[in-house]
Amino acid sequence: MTPDLSTDLGFLKLRNPILAASGTFGYGLEFTQFMSLAAVGGIVVKGLYYGPREGNPPPRLVETAGGLINAIGLQGVGVEAFAADVLPKLRAAEATVIANVCGADDDEYVRVIEFLDRQEGLAAYELNISCPNVRRNGLCPALRPETTRDLVARCKAASRRPIIAKLSPNVTDIAEIAAAAEAGGADAVSLINTLLSLAIDARTRRPRLANVLGGLSGPAVKPIALRMVYQAAAAVRIPVIGLGGITSGEDAAEFLIAGARAVEVGTANFVDPTATVRIARELSEFCAREGIARSADLVGTLGKGGHGTLAR
Amino acid sequence: MRQEPAARIALRQSWDDYVLLRLEAPDVAAEARPGQFLMVRVGETLDPLLRRPISLHAREGGSLEIFFQVAGRGTALLAEKEEGETLDILGPLGRGFDLEADFHGRRAVLVGGGRGIAPLFYLGRELRAKGADVKVLYGGRSLRDLPVRDKFAADGLDIACATDDGSFGRPGFVTGLLEAEIARRAPDALFVCGPDPMMRAAAGIAAAGRIPAQISLESLMGCGFGACWGCVKRIVRGDGGRWRKICEDGPVFPAGEILWEGAE
């Protein structure tokens, strides 16, 4: 029997729990030559400020052991070009689209939401309150519970659509931040955004990125992401969407077990443009193999400790 | 563009740290044009994580040749691949050289520095097929940096070489060879690929001589198909210059569109 991957976030029903993560999937259209956008649970498009945005100077990328540090700086086309040029094509592709909302200040988040609220074809907003690459020293609203709660509350009040708050891992207590997002009225939280990082060229004694600091993603961050999803899921009643280094169906299953109701696939899209559909298929195969009827049955089922084994 | 998860390596040649691989990939080859590139997985594990951008060196029927220099961990792993093994490739990517113009009877000069010679073999053959009079200028630090020099001559392409240390051909930079070539007979079009300082100098020479030049830029890339926005350079298109993606808008640009680093 084919396992049932359908996923209910309460405010949104998904074909399967696999979403494409913002910043790794362009505006979605870059991937239509490889896959059907309707085959995955949904896509979270690249972060949108109100106007077009230049982004950071290059070099913007450094590959590290099993990971990637980026400092793109949210270069993008802005909401007007997105609504005019991109959104009609995404509607035609029958994709479930979540817009990733950015702002230089709280007012801009609200302006972006008010503009997008007038457009059709969006399922929800993911508030990017956690990008480490747009202010000095990785500062962002998701570093403090008060700023998280207040910004989420303002956006929620302004929005006719559900709000997912995307959280930062660069905090002391993720449970406290997740609870603050819930208190602000978030319909869900997604985590983790990238880990604030530094790569150095020892020979020249210079940072490898023009921006000096960047955000680490990829398989290297998965254990940290799993830990934070586990902690956040224990702290809130709203759905948790997990992400960080997922490259396989079994990785996705681990996030569900840790307490995520859905997952986002990020950096893996760069290596394998069909990663999202492959991971959905692999999750289905995993469930079939393990005799699990519905992938939702995996959510929050982490057992007791003590089953570690040495890798050979 | 397509993904070919198992392109068989039909031929491998190497010269010190330069490597040529011929890959059997008929579907990718059928869509390929000079100046385009492949994103190549260098291993099957998660480290190194990213594919590597490698430019197309030649098309031989249903096969594509790539030519590269070992420049880091990824290319070192790629250099260890043997004939009969397979590679996971994505391509062809990028826009390649603009060959829309009528090149019949036109004089095209191709300038390559080091591993930047890679796309110029494919391009030289294509231009010749379009009736162009093709001259290739190939520069490197030393004789050992000109491993494919005989391949051009064997294919009937007119080639001249320069080495920084004078061990082969004209002593000095390949741009010296270019200036001499222009003085001898002005070309109608220049095509350039090599290290940034060389391309920048060649762009200056082209501008001074009012010769249209196409420059193939190199960049670190996260994905190769426009999703990551990691490979940008400053490109001017009537807008004072914006960060544009090398993978999607390039890697080949008219020389006049490139704002070189430090030139702002």
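Scan segment B:233-242 for residues that are within 11 Å of another protein chain (Cβ to nearest Cβ), surrounded by fewer than 24 Cβ atoms within 10 Å (Cβ to Cβ) and touching a residue at least 12 places away in the same chain (Cβ under 8 Å) and jot them down.
Correct list: B:R234, B:G241.
Here's a check for you: in segment A:45-85, which residue that is within 13 Å of another protein chain (Cβ to nearest Cβ) and of a type in the set (V, I, T) is farthest from B:E44 (Cα to Cα)?
Filtering segment A:45-85 for residues that are within 13 Å of another protein chain (Cβ to nearest Cβ) and of a type in the set (V, I, T), the one farthest from B:E44 (Cα to Cα) comes out as A:V77.
Given (1) acidic (D, E); (2) touching a helix residue (DSSP H, G or I) at 6+ places or on another chain (Cβ under 7 Å); (3) surrounded by fewer than 19 Cβ atoms within 10 Å (Cβ to Cβ), identify the lone condition not met by B:D165.
In the conditions (1) acidic (D, E); (2) touching a helix residue (DSSP H, G or I) at 6+ places or on another chain (Cβ under 7 Å); (3) surrounded by fewer than 19 Cβ atoms within 10 Å (Cβ to Cβ), B:D165 misses (2) alone.
Just checking, how many residues over segment B:108-132 are without any contact (Cβ under 8 Å) to a residue 12 or more places away in the chain and not in a helix (DSSP H, G or I)?
So the count comes out to 0.
Mind listing just one residue for me: the one in segment A:252-295 that is acidic (D, E) and under 18 Å from A:G42 (Cα atoms) and, of those, nearest to the other protein chains (Cβ to nearest Cβ)?
Filtering first and then ranking leaves A:D272.
Does A:E108 satisfy the condition of being part of a helix (DSSP H, G or I), acidic (D, E) and away from every other protein chain (no Cβ under 13 Å)?
Yes; evaluated as a whole, the condition is true for this residue.
Can you go through B:L38, B:L56, B:L46 and tell me which one is within 14 Å of chain A (Cβ to nearest Cβ), more than 13 Å from B:L220 (Cβ to Cβ) and under 19 Å from the mean Cα position of the chain (by Cα)?
B:L38
Quick check on B:S55: is it touching a Ser or Thr at 6+ places or on another chain (Cβ under 8 Å) and among the small types (G, A, S)?
yes
Going through B:R170, B:R200, B:R244 one at a time, which residue ends up being among the basic types (K, R) and either farther than 21 Å from B:D98 by Cβ or at pLDDT below 95 (or both)? Write out each step before concluding.
Values: B:R200 fails: either farther than 21 Å from B:D98 by Cβ or at pLDDT below 95 (or both); B:R244 fails: either farther than 21 Å from B:D98 by Cβ or at pLDDT below 95 (or both).
Result of the check over B:R170, B:R200, B:R244: B:R170.
Only one of B:A227, B:A213 is more than 9 Å from every other protein chain (Cβ to nearest Cβ) and of a type in the set (A, V, I, L, M). Can you tell me which?
B:A213
Just a yes or no: is a residue in segment A:88-101 more than 25 Å from B:T75 (Cβ to Cβ), part of a loop (DSSP other than H, G, I, E, B) and in contact with a strand residue (DSSP E or B) (Cβ under 9 Å, 6 or more places away or on another chain)?
Looking for residues that are more than 25 Å from B:T75 (Cβ to Cβ), part of a loop (DSSP other than H, G, I, E, B) and in contact with a strand residue (DSSP E or B) (Cβ under 9 Å, 6 or more places away or on another chain), one finds at least one in segment A:88-101, hence yes.
Take B:V192 and tell me if it is surrounded by fewer than 24 Cβ atoms within 10 Å (Cβ to Cβ) and of a type in the set (A, V, I, L, M, F, W, C).
no
In this structure, does A:L127 turn out to be at pLDDT 95 or above, away from chain B (no Cβ under 14 Å) and either surrounded by 22 or more Cβ atoms within 10 Å (Cβ to Cβ) or part of a loop (DSSP other than H, G, I, E, B) (or both)?
yes
Which number in (1) surrounded by fewer than 22 Cβ atoms within 10 Å (Cβ to Cβ); (2) touching a Phe, Trp or Tyr at 6+ places or on another chain (Cβ under 6 Å); (3) within 14 Å of chain A (Cβ to nearest Cβ) marks the one condition that B:G94 misses?
(1)
Taking A:E63 as meeting all but one of (1) in contact with a Pro (Cβ under 8 Å, 6 or more places away or on another chain); (2) in a helix (DSSP H, G or I); (3) acidic (D, E), write down the number of the exception.
Looking at each condition in turn, A:E63 falls short on (2).
Of the conditions (1) buried (at least 24 other Cβ atoms within 10 Å of the Cβ); (2) touching a helix residue (DSSP H, G or I) at 6+ places or on another chain (Cβ under 9 Å), B:Y122 clears all except one; give me its number.
Every condition holds for B:Y122 apart from (2).
Out of (1) hydrophobic (A, V, I, L, M, F, W, C); (2) surrounded by fewer than 22 Cβ atoms within 10 Å (Cβ to Cβ); (3) within 14 Å of another protein chain (Cβ to nearest Cβ), the odd one out for A:I224 is which?
Only one criterion in (1) hydrophobic (A, V, I, L, M, F, W, C); (2) surrounded by fewer than 22 Cβ atoms within 10 Å (Cβ to Cβ); (3) within 14 Å of another protein chain (Cβ to nearest Cβ) is unmet by A:I224, namely (3).
Does B:D27 count as of a type outside the set (V, I, T), surrounded by 16 or more Cβ atoms within 10 Å (Cβ to Cβ) and away from chain A (no Cβ under 12 Å)?
For B:D27, the condition - of a type outside the set (V, I, T), surrounded by 16 or more Cβ atoms within 10 Å (Cβ to Cβ) and away from chain A (no Cβ under 12 Å) - is not met.
Of all residues in segment A:1-41, count the ones that are more than 14 Å from every other protein chain (Cβ to nearest Cβ), in contact (Cβ under 8 Å) with a residue 24 or more places away in the chain, farther than 17 Å from A:S248 by Cα and not in a loop (DSSP other than H, G, I, E, B).
Residues that pass the stated criteria total 5.
With (1) surrounded by fewer than 18 Cβ atoms within 10 Å (Cβ to Cβ); (2) touching a Gly at 6+ places or on another chain (Cβ under 9 Å); (3) under 30 Å from A:V221 (Cα atoms); (4) touching a residue at least 12 places away in the same chain (Cβ under 8 Å) as the list, and B:G105 as the residue in question, which single condition is left unmet?
Of the numbered conditions (1) surrounded by fewer than 18 Cβ atoms within 10 Å (Cβ to Cβ); (2) touching a Gly at 6+ places or on another chain (Cβ under 9 Å); (3) under 30 Å from A:V221 (Cα atoms); (4) touching a residue at least 12 places away in the same chain (Cβ under 8 Å), the odd one out for B:G105 is (3).
What number of residues within segment B:243-264 are within 11 Å of chain A (Cβ to nearest Cβ) and surrounded by 15 or more Cβ atoms within 10 Å (Cβ to Cβ)?
The initial filter retains those residues of segment B:243-264 that are within 11 Å of chain A (Cβ to nearest Cβ), namely B:243-248, B:261, B:264.
Keeping just the survivors that are surrounded by 15 or more Cβ atoms within 10 Å (Cβ to Cβ) gives B:243-248.
Adding up the residues that qualify gives 6.
The values are calculated or read from the model by the stated rules, or taken from the named source; none is laboratory data. Quantities reported herein were computed from a predicted structural model and do not represent experimental measurements. Backbone-built Cβ (ideal geometry, glycine too); neighbour counts: all protein chains shown.
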